[in-house]
Every structure is written in C-alpha cells, then in structure tokens.
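The values are calculated or read from the model by the stated rules, or taken from the named source; none is laboratory data. These numbers were taken from a predicted model, which means no experiment stands behind them. Neighbour counts are summed over all protein chains in view; Cβ atoms, including those assigned to glycine, are modelled from backbone coordinates with ideal geometry. SASA here: full protein model, heavy atoms, side chains in, ligands and nucleic acids out. Shrake-Rupley method; radii C 1.70, N 1.55, O 1.52, S 1.80 Å.
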Amino acid sequence: MTDRTIDGPHGPLPLRIYGPLSERGRVITYVHGGGWVVGDLDTHDPVCRRVANALGATVVSVDYRLAPEHHYPAPLDDIMAALAWTSDTFSGCPHVVAGDSAGASLAAGAAIRARAEGGPDLAAQLLIYPATDPTMGSQSFRENGDGYFLTGKDMRWFYDQYAPVKLRSEPALDLLGTAVPHGLPPAVVATAESDPLRDEGDGYANRLRSAGVRVEHIPGPGLIHGYFAFLGVVSAADQRSREVLRSLDTLLP
C-alpha cells in the first residue's frame, strides 16, 4: 500500500494504491461511499484490500472532495482526474471504475463522462448499491426508507448537501432518468433487498441492458445497504460480496 498525491482539478488529490497478493495485470479506480459527504481512504481500506486480492488487481482509491463544501460536479471532476492518472500510470491494463453507494453513483457518472470525453477507456464498471435517482421516487425508497441502516431521511439530506435541485437532472447524476447508457462498458450492478436504493440499482441495471450493455446483476436477498463492508461480520454479506467480485472477474481478461 502506498499513499500519494496527484494534481487534481482544483488542488492536490490524495490517492491510496494497493497491490494484490497475486498480480493479474488489472487496475481498478475505487470510489468510496458515504453520501458524498463522509468517508475517506481509511473508511474503505478493508474493502479496497479485499477487492485487490480477490481480483488480482492494483486498486487506486480516491480521496475526492466532499459536500457540502464541494458539491456536484466537484467530486466527479476529482474522479475523472484520478481515472486519467490511473490510465496513464497503468497503461495497457484493463481498467475498472468501481464504487459503493454514492461512490457507485460517481463511478457510473464517470463512465458516462469518459465515454463523452473520449476516454479514459474502461473495461468495466462495478456499481455496488448505486444511487441513481435524485427524485427518490421508487417503491423501495418508500418501503425501506426507515429501519434498515440507510434511511430515506438520510438520502434526502445527502442530496441536499451534494446537488442543488437545478443540477439534479444532469445525466451524470440522474442516471435513471436523463443518462444515455448506450456504449458504456460492461457492468456488475449489486443491490440489497432491504435498501431504499434497491429499485434504483435494479432500474439502472435494466436500463444498461436495454441499451445493449452487458450487465451482471447481483441481488442481495436479506441484505441491507452497506453489506459490502461487513467483512467477517455477516456471513451472508461475505458470501454475496465474493459473488459480486467473481462476477466482475468474469468480465475481465
């Protein structure tokens, strides 16, 4: 593991780089969750270690700027800078953009911007219970909005910190509504049954598939938002996390 800082769009951008126990020539830019407001390199250190070793990949974790001091699109701009650095530094390696929760939303938005801007080239996306609908209007949002760790009240507050209402229809943010998914890289989309964001993730997987994108959709029966980080705590979460990573493995050379 190595910490380093690169030039970001508006100042220094810290990264943490993990090498796997067994190298397979892959690289992953990982975007941590936390509602665009909390989270950092340390909160997702165990997750990045697991991802690196499960896939034989170098993982570049990004300490992007957080809301409310830096609202959309500042965090996404940081992810684009990290993607470009990773692509240049590990040229020739299949490159995956990955994230969980708000980080998955940023990863999906980065894939859309990379397509629109002509690069970097991405081999796949790993989207773990992504936030894709700023309207927060799904059935699962209503059914699971209280009592399952992440609440509807939390999500409304997170969006208020991160994205002014006038910007919420931007394609890189309104993934389920205005985004155009044609021509995006293959995706693994993981969701959790008792999660307000379940239907948003399911819906985005369906949108990608309808646009001709290869999608591996991994539901999470009996699981809640955040399960991917329950390392060694919940056996069902551990098992499903391994299945998610095996699905990504099948998409990569």
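Among the residues making up the stretch 1-51, those that are open to solvent by 80 Å² or more (accessible area, probe 1.4 Å) and among the basic types (Lys, Arg) are 4, 24, 49. Taken together, the residues in the stretch 89-107 that are surrounded by fewer than 22 Cβ atoms within 10 Å (Cβ to Cβ) and touching a Leu at 6+ places or on another chain (Cβ under 6 Å) amount to 1. Residues in the stretch 160-205 that are touching a Pro at 6+ places or on another chain (Cβ under 6 Å), of a type in the set (A, V, I, L, M) and open to solvent by 40 Å² or more (accessible area, probe 1.4 Å): none. From the list 105, 87, the one residue that fits, being within 20 Å of residue 226 (Cα to Cα), assigned to a helix (DSSP H, G or I) and either in contact with a helix residue (DSSP H, G or I) (Cβ under 7 Å, 6 or more places away or on another chain) or of a type in the set (Ser, Thr, Tyr) (or both), is 105. The residues in the stretch 144-159 that are open to solvent by 100 Å² or more (accessible area, probe 1.4 Å) and either touching a residue at least 24 places away in the same chain (Cβ under 8 Å) or out of contact with any Asp or Glu (no Cβ under 9 Å at 6 or more places or on another chain) (or both) can be counted, and the count is 4. Being of a type in the set (A, V, I, L, M, F, W, C), touching a residue at least 24 places away in the same chain (Cβ under 8 Å), assigned to a helix (DSSP H, G or I) and surrounded by fewer than 19 Cβ atoms within 10 Å (Cβ to Cβ) holds for only one residue in 110, 54, and it is 54. Filtered by the rule that a residue be within 21 Å of the chain's Cα centre (by Cα) and in a loop (DSSP other than H, G, I, E, B), the stretch 6-24 gives 9, 19, 20.
Within the stretch 206-221, restricting attention to residues that are closer than 24 Å to residue 76 by Cβ and among the aliphatic types (A, V, I, L, M), the residue that is surrounded by the most Cβ atoms within 10 Å (Cβ to Cβ) is 208.
Only a single criterion out of (1) over 18 Å from the mean Cα position of the chain (by Cα); (2) assigned to a loop (DSSP other than H, G, I, E, B) is not satisfied by residue 160, namely (2).
Mind counting the residues in the stretch 25-49 that are in a loop (DSSP other than H, G, I, E, B) and of a type in the set (Ser, Thr, Tyr)? Selection size over the stretch 25-49: 1.
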